[in-house]
Structure formats: C-alpha cells, structure tokens
Amino acid sequence: MQLITFLGTGTYKPTGYKWGDEIVETPYVAEAICQFFQPDAVAVFVTQEAKAMHWEQLSNRLNGRFSAQDIPIPSGQSETEIWQIFDAVVDAVEPGSQVMFDITHAFRSIPMLVLLAAAFLQKARSVEIKGVYYGAFEFNNPQAPIVDLTPAIKLLDWLTATDKFIDTGSSAELGKLLSTIQQDFYTQKKQAELKPTKLKSFGITIENISRALDYVRPMGLLEEAAKLENIPAEKLQTEVGAFAKPFELILEQIQQDYRQFALANPREADPKTVLKQQFLLLRWYVDKGFGDRATLLAREWIVSMLCLAQDADYLKREDRQLVEYQLNLLDKWQQKKRDNAPMADYSPMSITKAVTDVEKLAKFWSNLTEFRNDLAHAEMRKESLSSATLKAYVNDKLMQGITALFPDMVG
C-alpha cells in the first residue's frame, strides 16, 4: 500500500496526532499516518520551497522505517500547473495498486485536485482507495484528530451513478452502492441504534429493473417494478437518510420513473393491461434515446396487439407465428395492390379487424420489419441503413405510427 502526501511551507510544530486510541507525537502528520497504517511506500509531493524547508527532516524521520520519495510539483497557480500536479499524482500510482491520501498540508486547490485524481485512479486504473485523511491541527490544542475523508470519494461515486441514471435511466450502479452500504455495515460489525435492513433489497430490485431495461425483458421489468411497492417507503426513506444521504436526492425520481411499469405476475395478468404497461416502456425507450430497444419491442408489441384482436394467446409461440404470417401476407397484398396485380391469394386476414386503415397497417409493418431486421443483422448486408436513418425513424415515425394504428390502447 502506498501513501500519497504533501508538504507545504508552513511551520510545523510537534502535535499529538490521534487515530482511534493511538497517538503519535510528531511535527509531520505523514509520519503519524505511516505509524497508524503502515504503508509500504510514501510519495511526498513538494514544491521547491517546501522541499528546502521540510524534506530533509521528514525523510530522516521516515526512512529506515518507511520508504519515502520526494516528487516535485509546481505551486498550482495556473491551469497548466494544476494539470501538471494532476499528472504527477496519477503517474505516481501503479494501476491496480492500493493507495491512501493525506491532504493535510496540500496547498490552495490541491485537496480538490487530489480527490478528483483519486476518483480517476479508482475508475480508470482500477486503483483501490484505502483512505483519504486530514490531520485537524489546532494551535491551542495539543492533540489533532486524524479525520477520515474517504466518504468524499464515495460522494463522487454517487455523482457518477446518479448522472448515469438521469442520462440513461439505469440505476444499476446506484443499486450496487446501496447493497454495499448494508453489507459493509454488518461485515464491519458496526453498532448503531438504527440498522439498515431495506437498502440491500431496494438496491437489488433496482439493479434487476435496470438489467430488464437493458436486455428488453418487459415481463421481468413489470414484475421487478411491482416489488418496489413491497418495500416500506417510510422505512426506506429513514435508512437512506441515515446511511446513504446522497441517494435522498434521487430516491423519489427513481421510484416515479420505475413505478409506472409495476404489474405483479404479468404472465397471469389481463393481457390488455400488460400491453398498456409495455407501451409505457416503449415510449420510455424512445424518450431515453434507446432506438434499438424501442424497435425490437415495437415489433413484438404489434404482434401481441393483433393476437389480442383475434382472442389468441399472445405468449404462445404458435399463435404469434400465425399473426406474423398474416402480417407478412398483408404486406404482400399491399404490394400486389400497388402494382395492380391479381390479389386472390393475398386478401386481408382477420388481423385487419383490429385497425381501421389496413393499408396503413401493411405499410407500417413493412417499414418496421425492415428497420428491425437491419438492426438485428448489425450491418452485415450488402446495403444497410445508416445510424442517422434509424434514429430519425425511431424519433419521427415509430411512436406516431403505433399511435395512429391503435389510438384506444395508447391514449
């Protein structure tokens, strides 16, 4: 494990730095942190002025017990110097290593820069952040507690996960954070009057919802969303406020976004209700910019709707295949009609009773099939549609076409 620390140009007086029940008397907080946590190596970031004032004394106190190295940095008075400091911190840490930070004597904007560098290392270099610490020195106090600022890194994790939810609707990362909080509470055998009991179940549920959204599992989505109703809202709110404070800001939005899909036991539920819920999902995909998922679901939704029109089982493969056959036949009928060719073998089937405009259904199905197949074949064709064309179809024609064909279902 490596310690990243900083030296300034201040006058450092001997102080009793305290961590738990331990106290180390030293003018340099880095020495105390080394005693408390026993790092394998210490990287000391110093300006030219700070090195002249303190490096020799600190290195004498550390070396022999801890391997210390000085790393020169500028004072951070310009944007260029700030990025030089960032690069120096990042370059000093090996990918996949364990590291802790001491920001007690970091100057100007360096503490903020260190937190951002730590978050970057954690995500981009798979570095394990073991802690971020600050020695709370006071001139008139003989003791200075070591303050654990590690939760600040967690706050950045919350920020990243929240940003992902707002942009994509996925709460998988938020769910993992909630599950980890409850798991760590019991693993670390923490003692508190209030104990988390609902965070993990809520976290797992929203992770499952996110997976269902990712893989276009509409039936699983409806079922998982219904589970949110089984988690006591007041109890959940209390636990979030106590153990996952950043999540308070997004909890209500997640509940509102997902509860619209809720339907317990969808495979046994009224098919019309199920398809109304699936239409909400279809519209959600379009609004979030997931054109591929919207196109895949729209094709199956049309088949399901026409199964209902014939009192067929929309979940039975044979019934769905029959509707698909009729739709494809209807498309051929439309082509024959357009070409003024004989149409005896291509007359509209019983599925047409579900719509008022047969020609519109035939044209819509033909276009939807083409776009869906083009997506499914991933451009492995002689001629493929461009991504811009696919996006324009989803944004401008998909929902409008479905709404025109089935106004009663989508109102």
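For region 151-268, the spread of Cα positions along the three principal axes, ordered from largest to smallest, is 44, 27, 22 Å. For Thr15, the amide hydrogen comes within under 5 Å of the amide hydrogens of Thr26, counting only partners 5 or more places away or on other chains and with H modelled in the peptide plane. Here Phe185, Phe202, Phe371 are placed in order of increasing Cβ neighbour count within 10 Å, fewest first, which gives Phe185, Phe371, Phe202. Around the amide H of Met100, modelled in the peptide plane, lie the amide H atoms of Gln2, Leu3, Ile4, Lys130, all under 5 Å away and 5 or more residues distant in sequence or on another chain. Go ahead and set up a Gaussian network model of the chain, Cα springs under 10 Å, then flag whichever of Glu359, Glu173, Glu268 fluctuates most. Its mean-square fluctuation being the largest, the pick is Glu268. With bins 10 Å wide beginning at 0, the percent of Cα pairs of region 226-279 falling in each bin runs 21, 42, 22, 14, 0. Per-residue Karplus couplings for region 372-379, computed as 6.51 cos²θ - 1.76 cosθ + 1.60 with θ equal to phi - 60°, are listed in order as 5, 5, 5, 5, 5, 8, 6, 6 Hz, Gly and Pro entered as x. Result for the chain in a Gaussian network model with C-alpha springs under 10 Å: among Ala172, Ala388, Ala226, the largest mean-square fluctuation is at Ala388.
Given Lys227/Lys276; Lys360/Lys382; Lys200/Lys245; Lys272/Lys363; Lys130/Lys195; Lys176/Lys276, which pairs have Cα atoms separated by over 21 Å? Walk me through the intermediate numbers first.
Numbers: Lys227/Lys276 19 Å; Lys360/Lys382 28 Å; Lys200/Lys245 15 Å; Lys272/Lys363 24 Å; Lys130/Lys195 24 Å; Lys176/Lys276 30 Å.
Result: Lys360/Lys382; Lys272/Lys363; Lys130/Lys195; Lys176/Lys276 exceed 21 Å.
Ordering His377, His105 by the number of other Cβ atoms within 10 Å of each residue's own Cβ, fewest first, gives His377, His105.
If N is the number of residues in region 2-149, what value comes out of its Cα radius of gyration divided by 2.2 N^0.38 Å? Don't skip to the end; give the middle numbers.
Working: Rg = 14.4 Å, N = 148, 2.2 N^0.38 = 14.7 Å.
Here the answer is 0.98, to two decimals.
Ordering of 56-63, 91-98, 302-309 by packing is 302-309, 56-63, 91-98, highest average first (other Cβ atoms within 10 Å, averaged per residue).
In the elastic network of the chain, a GNM with C-alpha springs shorter than 10 Å, the most mobile of Gln326, Gln188, Gln260 is Gln188. Ordered from longest to shortest, the equivalent ellipsoid semi-axes for region 270-411 are 23, 21, 14 Å, each the square root of 5 times a Cα gyration tensor eigenvalue. Taken over the chain, the alpha-carbon convex hull comes to 197 cubic angstrom per residue.
Couplings for region 229-243, taken from phi via the Karplus curve 6.51 cos²θ - 1.76 cosθ + 1.60 with θ = phi - 60°, read 5, 8, 9, x, 4, 5, 4, 4, 4, 5, 5, 4, x, 8, 10 Hz in order; Gly and Pro are left as x.
Each reported figure results from applying straightforward, stated rules to the coordinates on display, with no laboratory input. All of these numbers come straight from a predicted model, not from anything done at the bench. FYI the Cβ positions are ideal-geometry reconstructions off the backbone, even for glycines, and counts take in every protein chain you see.
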